[in-house]
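The values are calculated or read from the model by the stated rules, or taken from the named source; none is laboratory data. The shown structure was predicted, so the numbers you read here are calculated from the model rather than taken from an experiment. Please note: Cβ atoms are built from the backbone with ideal geometry, for glycine as well, and neighbour counts cover all protein chains shown.
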C-alpha cells in the first residue's frame with residue numbers, strides 16, 4: 001500500500017476495493033480502520049476465540065505495512081456483540097502488548113458488526 005499525501009493528511013489505501021483507507025496519519029497520529037477476524041479470502045472465523053486471534057494478526061499485519069508495531073499503539077477501541085465475552089477477548093488481546101505498554105482501551109457493546117463478526121478493533125498509534 002503506497003501512501004497518498006493530501007496536505008497534512010497521509011492516506012494508506014487498501015489493496016482491495018473498500019470505500020475507506022486502511023490507515024490515515026495526521027498530526028503525528030495514525031488511525032487504522034477497524035479490523036475483524038477475517039482471513040485473506042474474506043472468511044470470518046466461526047468462534048469468538050478464532051476471530052479475536054485472526055483480528056489481532058490482521059492488526060499486526062497493518063501495523064507492519066505502515067512500519068509500526070504494537071509498541072506504537074496508544075489507544076484501542078473494541079466492539080463486541082456479546083459483552084459477557086470481554087474477558088475471552090482480553091485474554092488474547094493481552095498477548096500482543098507488553099505489560100508496561102498497554103494502550104488505553106474503550107470497549108463498546110454493539111448489536112451487530114460487519115460480515116457477522118463478533119468482535120472488531122480500531123487502533124491509534126504515534127508516528
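Residue check, residue 79 against (1) within 17 Å of residue 116 (Cα to Cα); (2) part of a loop (DSSP other than H, G, I, E, B), all met but one. Which one?
Of everything listed in (1) within 17 Å of residue 116 (Cα to Cα); (2) part of a loop (DSSP other than H, G, I, E, B), residue 79 misses just condition (2).
Mind checking which residues of region 90-127 are more than 19 Å from residue 63 (Cα to Cα) and in contact with a helix residue (DSSP H, G or I) (Cβ under 8 Å, 6 or more places away or on another chain)?
107, 109, 117, 118
Condition (residue is at pLDDT below 90 and in a strand (DSSP E or B)) applied to region 44-67: is it met by at least one residue?
Taking every residue of region 44-67 in turn, none turns out to be at pLDDT below 90 and in a strand (DSSP E or B).
Can you tell me which residues in region 92-127 are under 18 Å from residue 46 (Cβ atoms) and either assigned to a helix (DSSP H, G or I) or at pLDDT below 95 (or both)?
Initially, region 92-127 is screened for residues under 18 Å from residue 46 (Cβ atoms), giving 92, 112-120.
Across region 92-127, the qualifying residues are 92, 114, 115, 116.
Go through region 1-42 and tell me which strands (runs of 3 or more DSSP E), entirely inside it, have 3 or more residues that are surrounded by 14 or more Cβ atoms within 10 Å (Cβ to Cβ), modelled with pLDDT under 60 and on the phi < 0 side of the Ramachandran plot.
Working: elements: 4-6, 9-13, 21-26, 29-35.
The qualifying strands (runs of 3 or more DSSP E) are 9-13.
Mind listing just one residue for me: the one in region 28-69 that is over 23 Å from residue 85 (Cα atoms) and without any contact (Cβ under 8 Å) to a residue 12 or more places away in the chain and, of those, farthest from the chain's Cα centre (by Cα)?
Step by step, filter region 28-69, then rank; the result is 41.
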